[in-house]
Amino acid sequence: MSSSATQVLTAAVLGLTLVVVVVRLSRLGLLSFRYTVGWTAVASIGILGGFMTRLAEPVAKALGLSAAALLARLALAFFVLIAIQLSISISGLQKQNRTLTEEVARLRHEIRASSPSNG
């Protein structure tokens with residue numbers, strides 16, 4: 001088996017494995033629909049990535065890299081962007097959680113202050 005065929009097969013197997021894991025996590029309720037769709041898209045890109053090595057070769061050669069190395073670097077950059085996006089989402093959720101916790105505490109204080117046993 002040639003190196004190119006091995007890369008295509010490896011990308012396909014890893015992509016399909018990711019799809020199976022994502023679908024399983026989704027069915028268990030551990031992954032929302034939004035992220036299920038996103039990770040399935042990532043897996044699809046990974047599957048296609050193996051076939052893209054020939055398309056990437058001219059760009060890779062111009063940069064002094066192999067096609068696989070170029071695609072690996074692009075994949076790494078993509079995952080860094082995903083990590084940043086998830087960090088932004090988590091930060092927003094933490095802010096919402098803090099705001100809701102403060103509101104609940106304020107409402108509890110108002111209820112206790114207005115209850116007949118305290119008056």
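The values are calculated or read from the model by the stated rules, or taken from the named source; none is laboratory data. Everything numeric in this text was worked out from a predicted model, so none of it was measured. In this analysis, Cβ positions are derived from the backbone assuming ideal geometry, glycine residues included, and neighbour counts consider all displayed protein chains. Please note that ligands, DNA and RNA were not included when accessible areas were found on the heavy atoms of the full protein model with its side chains. Shrake-Rupley method; radii C 1.70, N 1.55, O 1.52, S 1.80 Å.
Each row is one residue, and each column tells you yes or no for (1) among the hydroxyl-bearing types (Ser, Thr, Tyr); (2) surrounded by fewer than 16 Cβ atoms within 10 Å (Cβ to Cβ).
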| position | (1), (2) |
| --- | --- |
| THR6 | yes, yes |
| ARG54 | no, yes |
| GLU57 | no, no |
| LYS61 | no, yes |
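Would you call GLY49 closer than 27 Å to VAL37 by Cβ and touching a helix residue (DSSP H, G or I) at 6+ places or on another chain (Cβ under 7 Å)?
Yes.
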For the range 65-117, which residues satisfy the criterion of being among the polar types (S, T, N, Q), farther than 30 Å from SER2 by Cα and either outside any helix (DSSP H, G or I) or open to solvent by less than 100 Å² (accessible area, probe 1.4 Å) (or both)? GLN85, SER87, SER89, SER91, ASN97, THR99, THR101, SER114, SER115
Screening LEU31, LEU25 for residues that are touching a Leu at 6+ places or on another chain (Cβ under 8 Å), surrounded by 17 or more Cβ atoms within 10 Å (Cβ to Cβ) and over 15 Å from LEU74 (Cβ atoms) leaves only LEU31
